[in-house]
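The values are calculated or read from the model by the stated rules, or taken from the named source; none is laboratory data. Please read all numbers here as calculations on a predicted model, not as lab measurements. Using ideal geometry, Cβ is built from the backbone for each residue, glycine included, and neighbour counts are taken over all protein chains shown.
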C-alpha cells in the first residue's frame, strides 16, 4: 500500500525524511546530475522565487515515510503552464504501477491550478536520434506510457536539435493538454519554450541556440504528433476529482452528544455539530479520519494535574441527569481547595454557567483526542486538518474551566505540535481566547493572537486587553485585538490582516486556528455582523499564509446560519491554500 502526497517544505520530520530519500533516488536514477543541484531541492521548495519556478514535489510513500517514488514539477504562474522535471520510482520498484499513479497525480495538480497544459522532455523513439538499441527500446516504452494519457511530442520544430552534432538522444518536448483539447498557440509556445530553456538550461544553452529553437516554432497552432502506439479510444480519461492529499482531514467528536445540557438557554448543544456537517460534507473537500485515543498525559501537558484529576473524579461521582454549577468562589485564598467536590467546583471555575455532569469529562477528553488526531494528520504531511468538536476549549486555563470549556484542545494540540517547531495560535472566536493566553504567556515558541469583542462588554470580561503582551521569555508573544461592539466584515479583515502579518513575522512551522462562528450576524452570544461571504474571505486570507493549518471548532450558536458560514469558511481556506 502507498499514498501520494505533496511535499511543501522540509519543516516537519516526515517531510525531511522524504526529501532525503528523493535525493537518494535522484543520485541513483539520474547519475548525470551534479550533487550541487540535488542539494538545492529543499531550498527550491522553500524559496521558489529565487529559482525562477514554483517547485512542486509529490512522493509516493507507505504511510511510515518510506518513499517509493516521486515526481518533481515546475509551475510557471505567469505563462500558465507546468513542467514535469523528474518522475521516478526507487530502482527496485520499477514497473509496479507507482509511476502511473504519480503521473496521474501530477496531471490532477496541473488541472487544479487551471494550467494550459503540462510539458516535459522525453528521449526520442527515432533510431536516427537514439542510436543505442537498448536505450531506444526504453525510449519507446516511455513514450508509449505517456501516450496512454494523450501526451505526445510537439513536431515540426528544432527543439530536439542537439547542442553538439555528436550528442545522442536529444529530447523531444512533449505536451499533455490534460484532456482539455487545448490548441497551443505559436506565441504562447514560444514564450514557454524560451522560459524552459533559459531557466532550466541557462548555463548550457547559448542565446543563439535558444533563439534558433524558439524561432523554429512556426505552426499556429503548434502541431502535436499523431498517436503512434495507443488508439485514441484507449486513452486514459482525465481524473478531475480532488486529490486525496489536497482534502481537509475531518476529525469529528463522535461522542460529543453524550454531553447534552437540556436546560433552557444553554446554547452549546449537539445540534451545532450536525448543522455544520450537513453543509460541509457535500463539498467533497473533506476526508473523514477516525479518532485515535490518547493518554491523559497530554491533558496534563498543559493543564494542572490536580485540576485534571478533580474534573475526572467529580464527573464520575455525579449522578445521571444531574449537573453541578459552581456558586462559591475563592476570592481571598486560592491555595487550599475545599473538601467537598461540588463546592470545590468554584475553586476551578471562572463562571456560574458551565456545569459539571456525568459526561462532561468524557466528552471533553474525546474532543482533545480529536484535536490530537488532527494534529497527527498535520505531522504526517496534511496541509489542513479540522477537528469538529464540542465542548469547545479556548476558555479553559491551566487549572480552570468556564465558558462551556473544560480542556483547552487548541492549546493541547499546539503543545503537541511544538515538539516539531514553533506554533502560532490564531483565535477568531468572538470571545477572548483567555485559555491559551494564560497557558503560553511566558513562552516564546508559541505565539498567541486573539481577535475578539472588547472585555468591557464581552465574556470573559477580565482578560483580552491590548497591554497583555506576554511576560518573561514570552514577552511580545501574546497579541490581543479587542474590538468595538459593532463591526462589519471589512473592518474585521483589516484587523485579521494585521494578525496574519504578525504571524508571518514570527515564522512558525504550524498555525492553529481556534475557529468561532459567533462573530456572525445574529449569533446570540455576539454583536458583530459577519456574513457567509466574509467568512469565505477570512478563510482565504488565512489559507494564503501557506502554513500547515490545524482548525479546531470553538463557538458559534446561531444554527440558522452556522452550517453555511462553516461551508464558506472552509471553501475560502481551501482555495487560499491550494489555488
Looking at 219, 254, which one is over 30 Å from residue 548 (Cα atoms) and part of a loop (DSSP other than H, G, I, E, B)?
219
Would you mind stating whether residue 556 is over 30 Å from residue 9 (Cβ atoms), assigned to a helix (DSSP H, G or I), touching a helix residue (DSSP H, G or I) at 6+ places or on another chain (Cβ under 7 Å) and not assigned by TED's automatic domain parsing to the domain that holds residue 108?
no
Is there a residue being outside the structural domain of residue 514 (by TED's automatic domain parsing), modelled with pLDDT under 85, buried (at least 22 other Cβ atoms within 10 Å of the Cβ) and touching a strand residue (DSSP E or B) at 6+ places or on another chain (Cβ under 7 Å) anywhere in the stretch 316-323?
no
Can residue 549 be described as in contact with a strand residue (DSSP E or B) (Cβ under 6 Å, 6 or more places away or on another chain), crowded, with 20+ Cβ neighbours inside 10 Å and either modelled with pLDDT of 95 or more or outside the structural domain of residue 485 (by TED's automatic domain parsing) (or both)?
yes
Subset of the stretch 485-505 that is surrounded by fewer than 18 Cβ atoms within 10 Å (Cβ to Cβ) and touching a strand residue (DSSP E or B) at 6+ places or on another chain (Cβ under 8 Å) - its residue that is nearest to residue 15 (Cα to Cα)
502
Could you tell me which numbered condition residue 401 fails, if it satisfies all but one of (1) more than 30 Å from residue 484 (Cβ to Cβ); (2) in the same structural domain as residue 552 (by TED's automatic domain parsing)?
(1)
Keeping to the stretch 176-195, report how many residues are over 18 Å from residue 238 (Cα atoms) and either buried (at least 20 other Cβ atoms within 10 Å of the Cβ) or out of contact with any helix residue (DSSP H, G or I) (no Cβ under 6 Å at 6 or more places or on another chain) (or both).
10
With the checklist (1) surrounded by fewer than 22 Cβ atoms within 10 Å (Cβ to Cβ); (2) more than 31 Å from the chain's Cα centre (by Cα); (3) not in a loop (DSSP other than H, G, I, E, B) in hand, flag the one item residue 173 doesn't pass.
(1)
Here the residues within the stretch 49-67 that are surrounded by 20 or more Cβ atoms within 10 Å (Cβ to Cβ) and modelled with pLDDT of 90 or more are 55, 56, 57, 58, 59, 60, 61, 67
